[in-house]
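The structure appears below as structure tokens.
The values are calculated or read from the model by the stated rules, or taken from the named source; none is laboratory data. Here the structure is a predicted model, which means the values were calculated and not measured. Cβ placement follows ideal geometry from the backbone for every residue including glycine, while neighbour counts extend to all protein chains displayed.
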Amino acid sequence: MATTLFTQNTIACIWDFDKTLIPEYMQSPLFRRYGVDEANFWAETNALIEQYRRRGYHLAGELGYLNHLLTYTLAGPLAGLNNKILFECGADIQFYPGVPEFFDRAKTFVQEKPEYQKHEISLEHYVVSTGIAQMVRGSAIAKHVDGVWACEFIENPLQPGFLKQNEMAFEAASEIAQIGMVIDNTGKTRAIFEINKGTNKNPAIDVNSKMQSEDRRIPLQNMIYIADGPSDVPSFSVVKGGGGRAYAVYNPDKPEEFAQNDRLLQSGRIHGYGPADYRETSSTAQWLRMHIHQICDRIVTDREAAVAQKATRPPRHLTTTPEEQAAKLAAKGPKQASFLE
């Protein structure tokens, strides 16, 4: 018997990280730990593309800072950097007000009406970032999210001939040596479609597989994408174009970020914007709650309409009222009526 893969009663809040959930770059605690001049690191990173272009090389943007971290590790300023240290530095990441408390509170929004509970609506949080996955996993938000897409490093890379060896030597003093995963601003859209199709829940589903809309785990219209600016336009466009919500946040201390978000709204890139403040009374928290409720209402309407369309009324006994019986007798004429008398 044919059936759909998923019930589509899940809502996804998909979050950027840097400047969305935190006021600084997540790598800041790492640089402080090693005493590295952060401003100089980013200045060098921003100059890499042009410097390599002059040498005849092409460098992808997000690869620049990842490669430069590897260079710093190899050259000495970040000597000994490994995934364990990255994880530990994640614990020092400071969040905007209301985070991570908002993440748990948002999950209660889908339980606030009886009809939401009747249809077992749930909410999941995902982080999709160009930052470092191990730092997100080590941060205070880790236990509140359902998945993380971000950049990753490999320690002790496998050496030539490893397929022919039964055992490989493993160095106790590991150090990052290769890039394992890159998430750039356009690559974020792939993560969105993985969440959409459910590949993160069912590995048998490939993100490139053709799937009918009704078979996707979380439809785009069930998503809210929250980020801080123009670099997230590809993700804003995917979610908004699919019927979901796009929301931008800004640092209240930086008027230029407010103006930047207003331009995104005026150009139709987002549905709304507000301060990066997730406390219960903030305009951002209230906007998100309202739109989560609107998505819940639409899920309820869609599911109940589907039941009404597919479920036929069962057969029932026919009963006749006295008035209907009298009308039938009258319709038979006087001769039949006197016979009954």
Handout entry: Output for the range 100-151, where each listed residue is of a type in the set (S, T, Y) and either within 30 Å of I179 (Cα to Cα) or touching a strand residue (DSSP E or B) at 6+ places or on another chain (Cβ under 7 Å) (or both)
Key = S122, Y126, S129, T130, S139
Completion exercise
Those residues of the range 34-69 that are outside any helix (DSSP H, G or I), in contact with a Leu (Cβ under 9 Å, 6 or more places away or on another chain) and modelled with pLDDT under 95 come to a total of 1
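Being buried (at least 18 other Cβ atoms within 10 Å of the Cβ), of a type in the set (S, T, Y) and closer than 22 Å to I179 by Cα narrows it down to one of T20, T45, T73, so name that one. Steps first, please.
Numbers: T20 fails: closer than 22 Å to I179 by Cα; T45 fails: buried (at least 18 other Cβ atoms within 10 Å of the Cβ).
The conditions single out T73.
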Fill in the blank from the handout: Taking the range 76-115 and keeping residues in a loop (DSSP other than H, G, I, E, B), over 30 Å from R32 (Cα atoms) and either among the hydrophobic types (A, V, I, L, M, F, W, C) or in contact (Cβ under 8 Å) with a residue 12 or more places away in the chain (or both) leaves V110, E112, K113
Completion exercise
Wholly inside the range 205-300, strands (runs of 3 or more DSSP E) that include 2 or more residues that are surrounded by fewer than 21 Cβ atoms within 10 Å (Cβ to Cβ) are 272-275
Fill in the blank from the handout: Taking the range 128-142 and keeping only residues that are surrounded by fewer than 21 Cβ atoms within 10 Å (Cβ to Cβ) and within 15 Å of the chain's Cα centre (by Cα), one is left with A142
Fill in the blank from the handout: Among N200, N185, the single one that is part of a loop (DSSP other than H, G, I, E, B) and either in contact with a Phe, Trp or Tyr (Cβ under 9 Å, 6 or more places away or on another chain) or of a type in the set (A, V, I, L, M, F, W, C) (or both) is N200
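When you look at E175, is it among the acidic types (D, E) and either surrounded by 22 or more Cβ atoms within 10 Å (Cβ to Cβ) or touching a Phe, Trp or Tyr at 6+ places or on another chain (Cβ under 7 Å) (or both), yes or no?
No: the conditions fail for E175.
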Exercise for the section: Looking only at the range 61-84, decide whether some residue is in contact with a Gly (Cβ under 9 Å, 6 or more places away or on another chain) and within 30 Å of R279 (Cα to Cα). Expected result: no
Problem - Test for H125: is it buried (at least 16 other Cβ atoms within 10 Å of the Cβ), touching a residue at least 60 places away in the same chain (Cβ under 8 Å), touching a helix residue (DSSP H, G or I) at 6+ places or on another chain (Cβ under 7 Å) and not in a loop (DSSP other than H, G, I, E, B) - result: yes
